[in-house]
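**Student:** The structure follows.
Derivation of every value follows stated rules applied to the coordinates shown; laboratory data play no part. What you see is a predicted model; the values in this text were computed from it and never measured. Please note: Cβ atoms are built from the backbone with ideal geometry, for glycine as well, and neighbour counts cover all protein chains shown.
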Amino acid sequence: MNPQEAYLQAILATVARQTFPLEKMLEIMGSKAGEKQMRAFNMCDGTNSQSEIIKELGLDSSNFSKTLARWVDAGICIRVGDARDARPLHVYPLPESHIKKAPKQ
């Protein structure tokens, strides 16, 4: 990551935390969000493709596609890049402490 990208991610995360406090992010993700879903969210860091996330975590591709679309619609995730090469980017990652509290899937 070049310095400009790092600065832009820091700005995005700062603004996002004001717009979407952690409690709001968890609310958007839903009360049924389990550990895998939260780990998938954290993998949406702009470096992994949707298919890489699905493969890494053993997710159902249809369900994750719908989940990702919901996150994008809610504004907690964006797609970076062109259509086929687009990679999901979260506004900021969830803390590991909250992921460990999530139900196992």
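**Student:** Which of the peptides 49-57, 88-96 is most tightly packed, and how do the rest follow, going by the mean number of other Cβ atoms within 10 Å of each residue? It would help to have the intermediate numbers written out before the result.
**Tutor:** Details: 49-57: 15.2, 88-96: 17.6.
Highest to lowest by the protection proxy: 88-96, 49-57.
**Student:** What is the local net charge at Met43, summed over the other residues whose Cβ is closer than 15 Å to its Cβ (Lys, Arg +1; Asp, Glu -1)?
**Tutor:** Numbers: positive: Lys36, Arg39, Lys55, Arg79, Arg87; negative: Glu35, Asp45, Glu52, Glu56, Glu96.
Summing Lys and Arg as +1 and Asp and Glu as -1 gives 0.
**Student:** GNM, the chain, Cα, under 10 Å: largest mean-square fluctuation among Asp60, Asp73, Asp82?
**Tutor:** Of the options given, Asp82 has the highest mean-square fluctuation.
**Student:** What relative contact order, as a whole-number percentage, does the chain give when Cα pairs under 8 Å and 6 or more residues apart are counted? Please report the intermediate quantities before stating the final value.
**Tutor:** On the way: 101 pairs, mean separation 39.1, N = 105.
Rounded, it is 37 percent for the chain.
**Student:** Hydropathy first: keep DSSP H helices in the chain averaging at least 0.0 on Kyte-Doolittle, then drop any whose Cα extent along the axis falls short of 15 Å, and list what survives.
**Tutor:** On the way: long enough: 3-19 (24 Å, 0.04); 61-74 (19 Å, -0.36).
Both cut-offs are met by 3-19.
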